[in-house]
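Student: Sharing a structure below in structure tokens format, with a few things to ask.
Since every read-out is calculated from the coordinates, none of them should be taken as a lab result. From a predicted model like this one, the values you see are computed outputs, not experimental measurements. Methodologically, a virtual Cβ is constructed for each residue, glycine included, from the backbone with ideal geometry; neighbour enumeration extends over all protein chains shown.
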Amino acid sequence: MSTLHKFLPDPKSAAIVGCPFSGGQAKIGVDHGPIHLVKAGLEQQLKDLGWQVQFDGHHQFEEIIEESDPPIGNMKNPRSVSRVCESVAGVVSGHARRGQLPVVLGGDHSLAMGTVGGTLEVYPNACVIWIDAHADINTPKTSDSGNIHGMPLAFLLGIAGNVPEFAWIKPVLRANRLVYIGLRDVDSAEKRILKENGIKAFSMHEVDRHGIGKVVELALDAVNPNRDLPIHLSFDVDALDPSVAPSTGTPVRGGLTFREGHYICEAIHETGLLVAFDLMEVNPRLADAESVRQTVAVGCSLVRAALGETLL
Ligand SMILES: NC(=[NH2+])NCCC[C@H](N)C(=O)O
Ligand SMILES: [Mn+2]
Ligand SMILES: [Mn+2]
């Protein structure tokens, strides 16, 4: 807690935003992620690190989830995803405006339209560091699955095309403010989108080549060369190797080790620039009880690392 923070007032204050929502993908259970993370004691763990923590219970989306929500093009549950994300954006921007650091617990990664949207409303020059096996940058036209958790960045960048139901999302994110770490399952259309927009990405290949320390340095150089811009860190737990975080909907082998994942969070904490953190795609309904316990524990410890837990 000794690290000086460049954007948050002292004493440092965080808000846990539980988002039990699964409409951005097809597997049941990811909506239970935040409940498990909070039950594991996350609130007290952050208090023990010296943070003031606000947690007002998980967000209730029942009333805004559309009962009848037929696909638009191939997009599944489009109205529900849109309305949930719009409400999350309001909650996140509210916390950020009050000088709190929102810790958003998913739920699936479509929620990032809300989290990143909310952060950028308050910190328009913030950069986004996206830790994921996947690029989540399909447009409704390029997506094979129609799952919106594979599309949030296309909407935030303003390259998703015109979908009136999503008109509230402003193209707030600039391509040169987005960087990835951990990619290893990128669709061919997504590869083209990354190239065409000159988006910096460090796949597992680069992690192997340079080591995680150098990769985080290079990632920060790409989006935050003077180390003076606010950082939104969006962490999809499937960035970790499935042996480390098995309970997730779209696991991909060859991922980040336990330490590599934590190192990223620790290094971003050390910048003193972190203004928002997402932990997404923890699905306690997948895998056996021990795997669930392990994944939830890793999720909590990633959050703690990002909020300043040190090894010494
Ligand atoms: N947030 C995630 N886990 N995304 C997985 C996306 C997988 C695939 N690229 C798709 O568009 O459906
Ligand atoms: Mn992913
Ligand atoms: Mn993702």
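Student: Under a cut-off of 12 Å between alpha-carbon atoms, report the aspartates and glutamates in cross-link reach of LYS141, not counting same-chain residues fewer than 8 places apart.
Tutor: Partners found: GLU190.
Student: In the chain, what percentage of the DSSP-assigned beta bridges are antiparallel, given to the nearest 5?
Tutor: 5 percent
Student: Related question: Please give the peptides 237-243, 12-18 ranked by average Cβ packing (other Cβ atoms within 10 Å per residue), highest first, as a rough proxy for protection.
Tutor: So the order, starting with the most tightly packed, is 237-243, 12-18.
Student: Right, next: Which of the aspartates and glutamates could a cross-linker span from LYS191 if the Cα-Cα distance has to be under 15 Å and same-chain partners fewer than 8 positions apart are dropped?
Tutor: Here the aspartates and glutamates satisfying the reach criterion relative to LYS191 are ASP132, ASP136, ASP144.
Student: How far is the Cα center of segment 162-224 from the Cα center of segment 236-252, in Å?
Tutor: 19 Å
Student: Please list 63-74, 217-228, 251-262, 294-305 highest first by mean number of surrounding beta-carbon atoms within 10 Å per residue. Don't skip to the end; give the middle numbers.
Tutor: On the way: 63-74: 12.3, 217-228: 15.3, 251-262: 18.8, 294-305: 21.9.
Going from most to least packed, we get 294-305, 251-262, 217-228, 63-74.
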